[in-house]
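Please treat every number below as a calculation from the coordinates, not as lab data. Computed from a predicted model, the values in this text were never measured in an experiment. For neighbour counting, all protein chains shown are included, and Cβ atoms are generated from backbone atoms with ideal geometry for every residue, glycine included.
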Amino acid sequence: MHAVGRIHDLLRHFVFRHVQPPKTISRQDAKKTSPACENPEIIAKGSGRARNWKSSSVIGPLSGSWSRKTGVNRSRNEHITDGRRSSPGARDVGGRGNRPHVLERLRTSAAAGGGVASFFRFHLGNRFASSTLMDPITKAFIAQMEQFAKQEKVPIVPFEKGQRKDDVAAAYRKKFTAEEGVLFIGKAQEKTPVFRTERRRNEQTGATYPWLVRSTAMVNHFYVYCMDRDFGPFFLKFCTYFPYHAKLCLNGHEYVKQQLAHKRIRYEALDNGILSCDDAKRVQALCDGLSADKIDGLLRKWFRKLPHPFTAKDRQAGYRYQISILQAEFSLTQVLDRPVTGRIFFEEVIRENLDIGRPDQVQLIFDRRVSRRTPGKFRTRVITDGVVPSLHVDYKNSRIKQYHKQGRALRTETTINNTRDFGIGKLLKNLPDLRQVGFQANRRLLDVQTITHDCSIGEGAFDQVVRPIEADGQRASALRFGDARVPALLSVLVLFSFQLRGFTNQEMRALRAQLLGLDPAHYPVGRMTYDLRRLRLHGLIQRIPKSHPSDVTKAGLRIALFFSRTYARLLRPKLAQIMPAGPPGNSPLRAAFDRLQTEIDRCCEEEKLVA
């Protein structure tokens, strides 16, 4: 196996939140503004300085007049595919790149409790903040989206329960021929956090007042699936209920593919990756060029094209969307030039590294100290999908997954679901630091993993014997393991390994005929000559220079000894023990197979009863 390149890294998941710029006031002013609420601890928790206050789970009187500094979160999920070391047949195409999905969630400063009150009281000028005020602006946004779909002739597609949205989007992408535009708008009901109003009574005066509380509800969401000339396919997801949480999901690998197409650089695609490319260095440069500014530019560009949940006046007042990192996924992909050997290699890696999830190993992978107080489960999980196994290691809210991708590549993915696990902030500007964590985790995992042997060598040696071969323009048939003539031939070969002068056709023919139960005098010379030629072309024997005798090669001795002993001492006796026709005995192997057969019969019987 040879490493033939490097694969790129790409960025995947973002979430942005829309936050309003609230006014900051003192605790005394808050009391004066809301006479219905005498207890300042109901309003906020924290230190005496307003900037350090934290909203409690119950937001406070809707007339509350403080709020936090405006801001916006975005979150993004990156997937970075970086090839570094050469596993069996590993080929890396390009440099580091983020994974193909970028998910962003939008939230306004109104999304915070105090922000909701400030939005309706100070920005819109209402006396009280109430969920009743949310209804008309929510309906207005829905009407704008429906009017946009009608004008642009974009279908609105209700998603069915259990329906894969990616499959629906893929069908529309096949029919979409324009360079850029909206494919369709999906509609689905999903559970989301909301604010509700409840009426409360002042214990001293008996007066009632409205109060905002956090709750959840099933709310309609719009999925706006688009095609961008620079980023390729992506979608924006809007909650139709105030404060309009939203997400942006884009595929970093699709961005690279679009750039390669614009620059007319030929490439072969791998799902969420690049399999091969004419200019690997250019691919790496494109991946490195996928910056936070470009992602933010994509969002602002499509906000100008699509109906915006907030009016121009709202945005001028500071109610804007900002991106923070919700999830980041970084991957290292090693493309295999011999996929079958790569699969065998990965299965051996799993078999010999089942302790990789232990705390002492995890702290090496993530370069973080792990103690008894470290939250989360430390375990190694091996999950099999069909016949493809995957290895999973957890650390706090993050995880590493390693699997054989599409039979062509070995992929190692680090998914960070909470940047705080590594002491990194969530704003998009912290992406470089997060990239370093993800890339290093992938590389350290490979450094920690070990195997006791190179499985490609064993597979190559086995194939050299049991498959037909061509050497020096001459073809030779396979020495099939199950052929009765082959074990006899290899057993005789072992005997002659101790004969320094080699062996002749006649000597080999006499011993082999005995093992086959034949008369040596009547064993055909031509058949023996044919078998000796096969042994020579397969590299098990070699002719002694300037003479007729042949000698056993070093590799030939090992193969002959291993094959013959495996058949005589493992396969034949153990198969005799486990076969149903064999006599019952006290063999542990037979007992284990009997228990297995009993359980299979019991399961089949239960299925019949259920049916």
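The 3J(HN,Hα) values that the Karplus relation (6.51, -1.76, 1.60; θ = phi - 60°) gives for segment 281-294 are, in residue order, 5, 5, 4, 4, 5, 5, 5, 5, x, 6, 9, 5, 5, 5 Hz. Gly and Pro appear as x. Along the Cα-to-Cβ line of Glu152, 7 Å from the Cα, sits a label point; which residues in segment 241-258 have backbone N less than 20 Å from it? So the set is 241, 244-251, 255. Amide H contacts for Leu248 (H built 1.01 Å from N in the peptide plane; partners 5 or more residues away or on another chain; cut-off under 5 Å): Phe16, Glu104, Arg105, Lys237. Counting only Cα atoms, the size of segment 123-225 along its three principal axes is 67, 31, 16 Å, in decreasing order.
Work out the FRET efficiency for Arg485 and Ala581 from their Cβ-Cβ distance, taking R0 = 35 Å, and round it to the nearest 0.05. Rounded to the nearest 0.05, the efficiency is 0.90.
The alpha-carbon of Lys153 sits under 17 angstrom from the alpha-carbons of these aspartates and glutamates, leaving out residues fewer than 8 places away in its chain: Glu179, Glu180. Close amide H partners of Ala217, meaning residues 5 or more places away or on another chain with modelled amide H under 5 Å apart, are Thr192, Val194. FRET efficiency for the pair Phe122 and Thr450, taken as 1/(1 + (r/R0)^6) with r the Cβ-Cβ distance and R0 = 56 Å, rounds to 0.35. Over 26 Å between Cα atoms, which of Lys175/Lys429; Lys161/Lys313; Lys175/Lys263; Lys187/Lys313 qualify? Result: Lys175/Lys429; Lys161/Lys313; Lys187/Lys313 exceed 26 Å.
In sequence order, segment 572-578 has phi-based couplings of 5, x, 6, 5, 4, 6, 8 Hz under the Karplus curve 6.51 cos²θ - 1.76 cosθ + 1.60, θ = phi - 60°, and Gly or Pro positions carry x. Counted residue by residue at 0.36 nm each, then reduced by the alpha carbon distance between them, the extension gain from Asp271 to Lys165 reaches 36.4 nm. For segment 367-519, the fraction of C-alpha pairs more than 21 angstrom apart is 68%. For segment 205-341, the relative contact order works out to 12 percent when only alpha carbon pairs closer than 8 Å and six or more residues apart are counted. Near the amide H of Gly186, within less than 5 Å, lie the amide hydrogens of Val157, Tyr223, Val224, Tyr225, all on another chain or at least 5 residues away, with H placed in the peptide plane.
Output needed for segment 199-330: three equivalent-ellipsoid semi-axes, defined as square roots of 5 times the C-alpha gyration tensor eigenvalues, in descending order, whole Å.
Working: eigenvalues 381, 47, 34 Å².
Output for segment 199-330: semi-axes of 44, 15, 13 Å.
For segment 262-421, what class follows from the C-alpha gyration tensor (a ≥ b ≥ c being the square roots of its eigenvalues): rounded when a/c is under 1.5, otherwise prolate if a/b is larger than b/c, else oblate?
Numbers: a/c = 2.74, a/b = 1.36, b/c = 2.02.
Note, shape of segment 262-421 comes out oblate.
For segment 131-139, putting each phi into the Karplus relation 6.51 cos²θ - 1.76 cosθ + 1.60 with θ = phi - 60° gives couplings of 5, 5, 6, 6, 5, x, 6, 5, 5 Hz, in residue order, rounded to whole numbers and with x for Gly and Pro.
What percentage of all Cα-Cα pairs in segment 464-578 are separated by more than 19 Å?
On the way: 2996 of 6555 pairs.
The proportion of pairs with Cα distances above 19 Å equals 46 percent.
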